[in-house]
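To start, the structure under review is shown below, and the notes come after it.
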Amino acid sequence: MSMEDYDFLFKIVLIGNAGVGKTCLVRRFTQGLFPPGQGATIGVDFMIKTVEINGEKVKLQIWDTAGQERFRSITQSYYRSANALILTYDITCEESFRCLPEWLREIEQYASNKVITVLVGNKIDLAERREVSQQRAEEFSEAQDMYYLETSAKESDNVEKLFLDLACRLISEARQNTLVNNVSSPLPGEGKSISYLTCCNFN
Amino acid sequence: MADSLPTEFDVVIVGTGLPESILAAACSRSGQRVLHVDSKSYYGGNWASFSFSGLLSWLKDYQQICIDGEESTVKWPDLIHETEEAITLRKKDETIQHMEIFCYVSQDLDDNVEEIGALQKNLSTVASSTLTEPLDSACLVKDKRSVYVTKYKMPAKDTLKSDRETSLEVNDIEETLEKENDCGDKTRVHTDGDKDEKPVEDNMDQPKRNRITYSQILKEGRRFNIDLVSKLLYSQGLLIDLLIKSNVSRYAEFKNVTRILTFWEGKVEQVPCSRADVFNSKELTMVEKRMLMKFFTFCTDFEQHPDEYEAFKQRPFSDYLKTKKLTPSLQHFVLHSIAMTSESSCTTIDGLKATKNFLQCLGWFGNTPFLFPLYGQGEISQCFCRMCAVFGGIYCLRRKVQCLVVDKESGRCNAVIDHLGQRIHAKNFIVEDSYLSEETCSSVQYKQISRAVLITDQSILKTDSDQQISVLIVPPVEPGTFAVRVTELCSSTMTCMKDTYLVHLTCSSSKTAREDLESVVKKLFTPYAEIEINKEEHSKPRLLWALYFNMRDSSGISRSSYNGLPSNVYVCSGPDCGVGNEHAVKQAETLFREIFPSEEFCPSPPNPEDIILDGNDKQPEVPGTKNVLMAEVEP
């Protein structure tokens, strides 16, 4: 992957209880598919979608939990270099909403302080079985200073909006940081990714 | 949340240390159904890294007397059939001993300190009490393990406040930098914030040294990622090879160790180890430079010149070095800092091999042969776990395995029973040493590792940059003791808070960790104190906080030493004392080949960008073409 392919690259990480539709959201957005074939996620580390926003190519690398959320065993390293987190719950499942504070604790502990977090209530196509009112979710997201959106991966409602709005916010954030730090080129990361390094053996 | 696990697997792995995690990734990658469990609430076992309060919770957890918790209400004997027998596993980990905590900074809490980062879930109650009463946590003198507290009053609230503001400011910058993923070095961005960076001889700058209190450490505790085991990655070592080959490297980031140091004639000095270092060295004379270069050149292909060392092959490396016209200080450099071997035990052939390995690892990523993983060593095993999960492995922390169920007739293990009484079937079982019961291990002779973790305020060798990652080997003083490896990490490794250093000391144990390591700590550091009388002491970095403990070294134990294990139960060892991770990788690969002789070990997975997904009757996408979605959105 060469740098010329895109103007921005962002890592977006999905979290939330098992069964709230995280994988469906990703698959809907990246492939326009629903429901995704169950076996197909094996071996898929993250999905890529390049979008164009105001003439700029933005590559979104979207990471799923790989099932580790099922028994509350997500690795810390999963959160480390995320630019944005999509915290998902199921509007028809009170339990998935009640677990949100626990997820926020994990975020606070392991993710970067500047990570953008979006709260997503999924499955609005099942409105008749709704257990979590929009107002409750809005109040919660306001209190936690999160952007909030309700989606349906099945009906493709708000799915593109979710990722595109996020991409816009990430771009403006990245621009601000560039201004603040007075650096024109992309900001340096924390460390080296070993696979991409070229060798310069002194011997 | 569903509590019961699926019950049919190919491989059940107990313990999430590095060898187990590599094995999990390898098994899952080759299509095995893997269940990977750990009785702890965190990943890594003795390979884990903790935030500051996480470490305190970990300590407290160890100091609590083993109680058969309510969790284990389901008794396994009722669940064993007549044709079976059970091999019980250990209820509580006993690999850590002789923990001693020393706090040198002020423990006055000026406000309510809150820090998230304590071990979660079953440890949360422990953690919260640790946070509100740090003194209590340090004063635990329950059971036999003693804990000491040194307390120094420091009435400096006003300076404290401004310090905290600056540190917050800097953190903002750090966070900004974290946001972008491109390669680069952030040290230069930090320089304007670095006030405490002064040359060694400049003693007048003492008042500018940052005041740090215990409450600050607690408050910034999330910044710490404290490794239980201090290791580095050789840039041409087995772990780096495996990370790259398996693509697990994409989950982690690394920093180069920037300096190799030596302790020579009571002083810490930088070891010139690359050609450039040798030429630029101010300490070395022209003759020394020439001698050292000649020796390095010889070492890189020493096998080609057997006549040069044949007579010394099995004699001590130190004797051989004496014949190479190297000055005593150069001999010391090569022996301790480059070959990293302790004086008596190392033969010339092993010394030459070690020197060659060191030289070959130079220059790949930087000026030293080592890499350090950002956020600590604990990340590495988690990265392999992620790979396992991506290929369908199931993960469950906080899950205790009560016993292995063995079929009497075949003599093979066919299931485990967890603490909820659930029976989980599998064909093969991999268990980490610390989970095995006393009975199973009764004839095993364990070695011990002595560890110290220090939080300090300055580097042991100050230079223009305060963002150095250094390795120092302190040779043994008395016979019968071992060389001490000191690793000093700066805040940009994401393992400690701004304006502090995290220092790890490691050696093979001859006594308790404090007895083994305290003399080295005293040589290099001075306790943090308000009144500093001794001027000479000013040049030494100050100790803010220290922890000593011994860890069991279960490496190098032969399979036959364990009593009565069925042939399909495999044992992984805990961390070894060495600097690299070669032992863990070798063990994982050996066990994998034993279990699955025809399978490839951790092949490269397909690139996510090239994967063709089997959508519902959808035409497969051609790899390389990307869906480019056009959108005009308000910026």
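Key figures
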read-out	value
Subset tally (residues that are in contact with a strand residue (DSSP E or B) (Cβ under 6 Å, 6 or more places away or on another chain) and in a loop (DSSP other than H, G, I, E, B)) for the range B:580-606	1
Cβ-Cβ under 6 Å pairs, at least 6 apart or on other chains, the range B:13-35 side touching a residue at least 60 places away in the same chain (Cβ under 8 Å), far side assigned to a helix (DSSP H, G or I) and among the charged types (D, E, K, R)	B:Ile13/B:Glu20
Pairs, first on the phi > 0 side of the Ramachandran plot in the range B:336-358, second of a type in the set (A, V, I, L, M, F, W, C), C-beta under 8 Å, six or more apart	B:Met340/B:Ala354; B:Met340/B:Phe358; B:Met340/B:Ile473; B:Met340/B:Ala483; B:Met340/B:Val579
Qualifying residue in the range B:458-469 (condition: within 14 Å of chain A (Cβ to nearest Cβ) and farther than 28 Å from A:Gly43 by Cα)	yes
Tally of residues being under 21 Å from the mean Cα position of the chain (by Cα) and in a loop (DSSP other than H, G, I, E, B) across the range A:119-160	10
Total residues in the range B:313-340, condition surrounded by fewer than 22 Cβ atoms within 10 Å (Cβ to Cβ) and either more than 19 Å from B:Phe358 (Cβ to Cβ) or of a type in the set (Val, Ile, Thr) (or both)	9
Selected residue (only one of B:Asp38, B:Asp68, B:Asp10, B:Asp61 is surrounded by fewer than 24 Cβ atoms within 10 Å (Cβ to Cβ) and either farther than 19 Å from B:Asp93 by Cβ or at pLDDT 95 or above (or both))	B:Asp10
A:Tyr89, sole failed condition from (1) at the interface with another protein chain (Cβ under 8 Å from one of its Cβ atoms); (2) more than 20 Å from B:Arg250 (Cα to Cα); (3) surrounded by 23 or more Cβ atoms within 10 Å (Cβ to Cβ); (4) aromatic (Phe, Trp, Tyr)	(1)
Candidates B:Leu135, B:Leu140, filtered to the one that is at pLDDT below 50, outside any helix (DSSP H, G or I) and over 29 Å from B:Ser381 (Cα atoms)	B:Leu140
Among the residues listed as B:Ala415, B:Ala389, the single one being free of Cβ contacts under 8 Å to residues at least 40 places away in the same chain and either of a type in the set (Gly, Ala, Ser) or not in a helix (DSSP H, G or I) (or both)	B:Ala415
From the options A:Ile62, A:Ile74, residue that is surrounded by 19 or more Cβ atoms within 10 Å (Cβ to Cβ) and closer than 24 Å to B:Arg398 by Cβ	A:Ile74
Single condition A:Gln109 does not satisfy, out of (1) in contact with a Leu (Cβ under 6 Å, 6 or more places away or on another chain); (2) assigned to a helix (DSSP H, G or I); (3) at the interface with another protein chain (Cβ under 9 Å from one of its Cβ atoms)	(1)
Selected residue (only one of B:Glu582, B:Glu599 is surrounded by fewer than 18 Cβ atoms within 10 Å (Cβ to Cβ), within 20 Å of B:Leu232 (Cα to Cα) and modelled with pLDDT of 90 or more)	B:Glu582
Of all residues in the range B:564-579 being more than 25 Å from the chain's Cα centre (by Cα) and at pLDDT 95 or above, the one that is surrounded by the fewest Cβ atoms within 10 Å (Cβ to Cβ)	B:Ser567
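The values are calculated or read from the model by the stated rules, or taken from the named source; none is laboratory data. None of these values were measured; they are calculated from a predicted model. Reconstructed Cβ throughout: ideal geometry from the backbone, glycine too, with neighbour counts over all protein chains shown.
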